[in-house]
1. Let me check against my output: what whole-number percent is the relative contact order of the stretch 123-219, with C-alpha pairs under 8 Å and at least 6 apart?
2. Would you mind telling me the antiparallel percentage of the DSSP bridges in the stretch 7-222, rounded to 5?
3. Using a 10 Å cut-off on Cβ atoms, rank the peptides 184-190, 137-143, 162-168 from the highest mean neighbour count down.
4. Please list, in order, the residues from the stretch 146-183 whose amide nitrogen is less than 18 Å from a point placed 7 Å along the Cα→Cβ vector of Arg114.
5. Got a sec to turn the phi values of the stretch 57-71 into Karplus ³J(HN,Hα) couplings, 6.51 cos²θ - 1.76 cosθ + 1.60 with θ = phi - 60°, whole Hz, x for Gly and Pro?
6. At 7 Å along the Cα-to-beta-carbon direction for both Ala77 and Arg10, put a label point, then send me their distance in nm to one decimal.
7. What is the stretch 15-103's relative contact order, in percent, from Cα pairs under 8 angstrom and six or more apart in sequence?
8. Roughly how many debye, to the nearest 20, is the charge dipole of the stretch 7-222 about its Cα centre, given +1 on each Lys and Arg Cβ, -1 on each Asp and Glu Cβ, and no other charges?
Amino acid sequence: MSDEPVISLRGVRAELGSRPVLRGIDLTVGRGEVVALLGANGSGKSTAVRTVIGQVPVTAGEVELFGTPRRRFGDWARVGYVPQRTTAAGGVPATVTEVVSSGRLSRARFGVLRKADHEAVRGALGLVGMADRAKDSVNALSGGQHQRVLIARALASEPELLIMDEPMAGVDLASQEVLADTLREQVAAGTTVLLVLHELGALEPLIDRAVVLRDGCVLHDGPPPKAVGQHALPGHDHVHPHAPAGAEPIRTGLLS
């Protein structure tokens, strides 16, 4: 494993409108790590990952990908991104294969898919258990199936880094199990993963570190807490040095 972080945020601040959302967070994700970003709604989790991929500009601090400042980073084929669940084709008529193939375009020459690209698309569909729906319209899919297609689209580029924003939200149990198995295969192959999660759930065995945000600040960065958001952490009374003055110790559940 390389010592160089795959993701590095140093003192990152960001605003949405004029409202501060990130208040100077530090975060590193090492090669091969699986890191979960946890926190209540509005804590800054999704904004943090969107600063990594450049969807939200930072007002202060530095973001690096694979050791390169994000503003100069251009090798996006190395990064797979799964947004919060939405309509996979944005309302435009498209087949499952067409949507997943769009994730391969970053590797295609002149936008033309070759044999290897088509094989990667089929492989990604197989990983998420959607090979039998390849020719179907995405508009005919359930919510869980939509999410599988979005994940297959990210996997089609064979990324070194996979960033997923609430991949389990609103997904049925069968799809949760498929997604957990899929992610387990990616992790075993050495993929670095950054996940936004409301709770660890079926992914808990895969998580190396949990970073808990509250009000745009890091409260916890370390081993995944047990039963996050449901029970207190026994003996855990910790305020992260980046938390604002007067922040409450973490006594009654990290996500409360």
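Derivation of every value follows stated rules applied to the coordinates shown; laboratory data play no part. Everything quoted here is computed from the prediction, not taken from an experiment. Cβ sites come from the backbone with ideal geometry, for glycine too, and all protein chains shown count toward neighbours.
1. Contact order relative to length: 27 percent.
2. Antiparallel bridges make up about 55 percent of those DSSP assigns within the stretch 7-222.
3. Final packing ranking: 162-168, 137-143, 184-190.
4. 156-159
5. Values, residue by residue: x, 8, 9, 7, x, 9, 10, 10, 10, 6, x, 10, x, 4, 5 Hz.
6. Label at Ala77, label at Arg10, 3.0 nm between them.
7. Reported relative contact order: 17 percent.
8. The dipole of the stretch 7-222 has a size of about 740 debye.
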